[in-house]
Amino acid sequence: MTTHTQRTPGGMKSPIHWQRVALYAVLIAFALLYLMPVYVLIVTGMKSFAEVSLYEMWDLPKGLHFDSYAKAWFGSKAEGFRGLNVNFMNSVYLTVPATIISAMWGSINGYILAKWKFRGSEVLFPLLLFGMFIPYQSILIPLVQTLQKINIFGIKFYGSIPGLILAHVIYGIPITTLIFRNYYANVPTELVEAARIDGANIFGIYRHVLFPLSLPGFVVVMIWQFTSIWNDFLFAATVTSNPATQPITVGLNNLAGSYIVEWNVQMAGALITALPTLLVYIFLGRFFMRGLMAGSLKG
Amino acid sequence: MRRLNWERVVSILLLSPAVIAIAIFVYGFIGFTAYASLSKWNQLLPDFTLVGLSNYQKLFANQRFQIDLRNTVVFTVIFLIACLAIGFLLALLLDQRIKGEGIFRGIYLFPMSISFIVTGVVWRWLLNPGSDELGSAGVNLLFDKVGLGFLKTGWYTDPKIGIMAVAIAATWQMSGYTMAMYLAGLRAIPDELREAARVDGASEVQIVRHIILPLLQPVTLSAVIVLGHISLKIYDLIVSMTGPGIGFATDVPAYFMWDTTFRGNHFARGAAIAIVLLIMVAVLIVPYLVYSTRTEAEL
């Protein structure tokens, strides 16, 4: 019996091969399970309208057809449904400014809470953080009432993209502040002290010491905000009721909830909706991970 | 000293917009919702006449709400257990010096970056059971093909297990997150500990049970809290995947809240549901928030 040499996790190569094989088999089986919906998503979107049947869901397409994507994007006047192109652009106009404003604001808050602690800031911080865990249902009614009343320079906030930007920026304060505060807390105080001796004030320390070091922090926060704002449905569905101003998640839900829209068009729409955040994940995955970990308060 | 005071004032001024925004949009709005939940506002036009706890009494006597609470419990239990078990298993397997670990990790984690709306649309079709006349569809069809036909069920169309079908989709989306948390935890456990146990003659199973699991308890706690509050608030997935279902089989409080408030104009009742949701989330989150920000301050 050589049980003690069998599996050596994190150790040397195992003499018994089949255990490694089984290990990889399980990992691959799980990988296939996770990829299964993606397979259906891609395959169905590429099938021609003649080929699409729920009962041949797992079959490969007979050729490459992009009609479903075209239909999901442009809609169909004949069948009477809207495409996602308008919603996609609405989401861009919502997500880009909201992400940038959130990140800038969070950076300033994080700077103060990390380097300018004051009496009571330890109490204030958890009170701020609580805001990111609340079920938004508990603020939805007054939010709608308030947005209906806000009217700055003739810009309507209810039923519009500016209203959604406002909501996402404000309810993004806790998470962006948390990530930046933890990030700046790791910047050595000696650097701040040195700048102070050189005569830098509160603005100078931020501009010349913290901000230049902030790029990774900004990337993490912006990816986090981009993903959560792009993927949001609750605010979008509550604040915008006119299809022309709705973000893409609401557009997709309308598309998928309609009985006249074919199944493959819905799948194509789902892929279009998922693509931006999926690309961010694929190319900037490592930063995405850090945001996730910050979300569990272990920044 | 005078300069310090000037900067102290500026630092508070810089933080104050965020503090004021959170005070109004989180705490003020929650206060408003709580007040509305005690009022007579169950029609379109606001009526803030106080009626005590009668909205809550009616709510808890409401059959739909009772079903919702039961669904939330069933959903939370299945979702939590599945995410923790799969996440832990995958983390344990990935910690065995796997070739291509990054690829596996990427595959297990990518659903996190996608909107619940997309997940719902895709899984609605995957778990579409098909019909008796036309045959099986989706996962049922796959079961038929690989000879596991006995596993076929009605998924979300079966009122008895409808909410479990939704939990499957949610697990697909969130279990990778648990895996990532556990993997980070595992990597923090020094190899020497495992080696020492192995030298003492402990089996791999014993090492996992008596060394790794206890050391990962803080990770499990974080995961339970993060997943738990997501599960209590689940809304988007229900909207896009099933709706409330036959006999409210897949209804949840968050869905009931939106439905009764913004479709039914029962604002006071919606507010009461929102407050119940908030209390459930707060019971989970507040001790954790207090604990983690306090231990952080001690560091």
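Every read-out reported here was derived from the displayed coordinates using simple, explicitly stated rules and does not represent laboratory data. For clarity, every value in this text was computed on a predicted model and none was experimentally measured. Please note: Cβ atoms are built from the backbone with ideal geometry, for glycine as well, and neighbour counts cover all protein chains shown.
Could you check segment B:18-129 for helices (runs of 4 or more DSSP H) lying wholly inside it with 1 or more residues that are within 24 Å of B:Ile279 (Cβ to Cβ) and touching a residue at least 24 places away in the same chain (Cβ under 8 Å)?
In segment B:18-129, the matching helices (runs of 4 or more DSSP H) lie at B:29-37, B:54-61, B:63-94, B:116-126.
What residue, among those in segment B:130-144 that are assigned to a helix (DSSP H, G or I) and facing chain A (nearest Cβ under 7 Å), is nearest to B:Ala167 (Cα to Cα)?
It comes out as B:Gly138.
If B:Thr76 satisfies all but one of (1) among the hydroxyl-bearing types (Ser, Thr, Tyr); (2) within 21 Å of the chain's Cα centre (by Cα); (3) within 13 Å of chain A (Cβ to nearest Cβ), what's the number of the condition it fails?
All conditions pass for B:Thr76, except number (3).
I'd like the full set of residues that are of a type in the set (A, V, I, L, M), free of Cβ contacts under 8 Å to residues at least 40 places away in the same chain and farther than 17 Å from B:Phe79 by Cα, limited to segment B:147-199.
B:Leu148, B:Leu151, B:Ala184, B:Ala188, B:Ile189, B:Leu193, B:Ala196, B:Ala197, B:Val199
Are any residues in segment A:147-177 facing chain B (nearest Cβ under 10 Å) and under 26 Å from B:Met280 (Cα atoms), and if so, which ones?
Scanning segment A:147-177 gives A:Ala167, A:Val169, A:Ile170, A:Tyr171, A:Ile173, A:Pro174, A:Thr176, A:Thr177.
Within segment B:149-159, can one find any residue that is in contact with a Gly (Cβ under 8 Å, 6 or more places away or on another chain) and facing another protein chain (nearest Cβ under 7 Å)?
No, segment B:149-159 has no match at all.
Output the number of residues of segment B:148-188 satisfying the condition of being more than 20 Å from the chain's Cα centre (by Cα), assigned to a helix (DSSP H, G or I) and of a type in the set (Gly, Ala, Ser).
Adding up the residues that qualify gives 3.
Whether any residue in segment B:34-43 is out of contact with any Phe, Trp or Tyr (no Cβ under 9 Å at 6 or more places or on another chain), closer than 16 Å to B:Thr260 by Cβ and more than 9 Å from every other protein chain (Cβ to nearest Cβ) is what I want to check.
Scanning segment B:34-43, I find no residue that is out of contact with any Phe, Trp or Tyr (no Cβ under 9 Å at 6 or more places or on another chain), closer than 16 Å to B:Thr260 by Cβ and more than 9 Å from every other protein chain (Cβ to nearest Cβ), so the answer is no.
Suppose the filter is assigned to a loop (DSSP other than H, G, I, E, B) and either closer than 28 Å to A:Ala167 by Cβ or aliphatic (A, V, I, L, M) (or both); does A:Ala72 pass it?
no
Taking the condition of a type in the set (A, V, I, L, M, F, W, C), under 30 Å from B:Ala271 (Cβ atoms), more than 10 Å from chain A (Cβ to nearest Cβ) and surrounded by 15 or more Cβ atoms within 10 Å (Cβ to Cβ), does B:Ala197 pass?
No; evaluated as a whole, the condition is false for this residue.
Confirm whether B:Gly270 is part of a helix (DSSP H, G or I), more than 11 Å from chain A (Cβ to nearest Cβ) and of a type outside the set (Phe, Trp, Tyr).
no
I'm trying to understand the selection: among the residues of segment A:11-70, which are facing chain B (nearest Cβ under 8 Å) and acidic (Asp, Glu)?
Correct list: empty.
For the subset of segment A:109-141 comprising residues that are at the interface with chain B (Cβ under 7 Å from one of its Cβ atoms), assigned to a loop (DSSP other than H, G, I, E, B) and not aliphatic (A, V, I, L, M), which member is nearest to the chain's Cα centre (by Cα)?
The qualifying residue nearest to the chain's Cα centre (by Cα) is A:Phe133.
Would you say B:Met257 is buried (at least 22 other Cβ atoms within 10 Å of the Cβ), of a type in the set (A, V, I, L, M), farther than 28 Å from B:Tyr156 by Cα and facing chain A (nearest Cβ under 7 Å)?
no
Which of the residues that make up segment A:246-265 are crowded, with 23+ Cβ neighbours inside 10 Å and either over 15 Å from the mean Cα position of the chain (by Cα) or not in a helix (DSSP H, G or I) (or both)?
A:Gln246, A:Pro247, A:Val250, A:Gly251, A:Leu252, A:Asn253, A:Leu255, A:Ala256, A:Asn264, A:Val265
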